[in-house]
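Novice: Take this structure, written in structure tokens, and hold onto it; I'll ask about it next.
The values are calculated or read from the model by the stated rules, or taken from the named source; none is laboratory data. Keep in mind that what you see is a predicted model, and the values were worked out from it rather than measured. With ideal geometry, Cβ positions are generated from the backbone for all residues, glycine too; neighbour counts draw on all protein chains shown. For the accessible areas, the whole protein counts, side chains as well, though only heavy atoms, and no ligand, DNA or RNA atoms are used. Shrake-Rupley method; radii C 1.70, N 1.55, O 1.52, S 1.80 Å.
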Amino acid sequence: MPLPRLTIYRHDSESRALITLAGEIDLETAPLVRETLKRCLRDGIRTVDIDLTPVSFCDCSGLNAFLEASQHTTTAGGALQLHYPPPTLARLVELTGSGFLLRGLPALQGPPPRREGIVAITPAQLPAPLHSAPHGPASAAATGGVL
């Protein structure tokens, strides 16, 4: 059985969640991203920070999942922010002009910065500490399609 191409970790703190995605976000894995973000709203989460540091690739399916989640989160009175997008996603956001919908993306002036090594979200970027245990790595097969 092949390993999942996307791993999802979720840490909650009251009405805030940090979701760390690792791997590739594409047509096959974007439904996992969508379901994870929908579940946050169902669980009462209204502020979602998404750490994309370990994401190696994200195509338009992933961008669409983030835009949809941003719209749902905003409608529910919350906010969704992307942190450290991979160059492929940064370029898609630049080409589509959709950065204003994803508040965590910096203004894209010129080429995206090189991503060398792992960059973590610092406590200054996340004002509320996260205390709960991660939900763990998830895959559609392991969870019956539900995260």
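Novice: With r as the distance between the Cβ atoms of THR96 and ARG5 and R0 = 22 Å, compute the FRET efficiency 1/(1 + (r/R0)^6) and round to 0.05.
Specialist: 0.40
Novice: Determine the per residue accessible area of region 1-74 with all protein chains present and a 1.4 angstrom probe, expressed in square angstrom.
Specialist: That works out to 45 Å² per residue.
Novice: Which value, to two decimals, describes the C-alpha radius of gyration of region 14-64 once divided by 2.2 N^0.38 Å?
Specialist: Ratio of Rg to 2.2 N^0.38 Å for region 14-64: 1.13.
Novice: Please list, in chain and number order, the residues 5+ apart from LEU6 or on another chain whose amide H is under 5 Å from its amide H, with Hs placed from the backbone.
Specialist: So LEU6 has HN proximity to GLU24.
Novice: Which number do you get for Rg(Cα) / (2.2 N^0.38 Å) in region 6-91?
Specialist: 0.98
Novice: Okay, moving on. Each residue of region 27-34 in turn: what ³J(HN,Hα) in whole Hz from Karplus with 6.51, -1.76, 1.60 and θ = phi - 60°, glycine and Pro shown as x?
Specialist: Values per residue, Gly and Pro as x: 4, 6, 9, 4, x, 5, 4, 4 Hz.
Novice: So which GluC sites (Glu not before Pro) in region 1-74 are both in a DSSP loop and have at most 15 other Cβ atoms within 10 Å of their Cβ?
Specialist: Loop-located and lightly packed - GLU14, GLU28.
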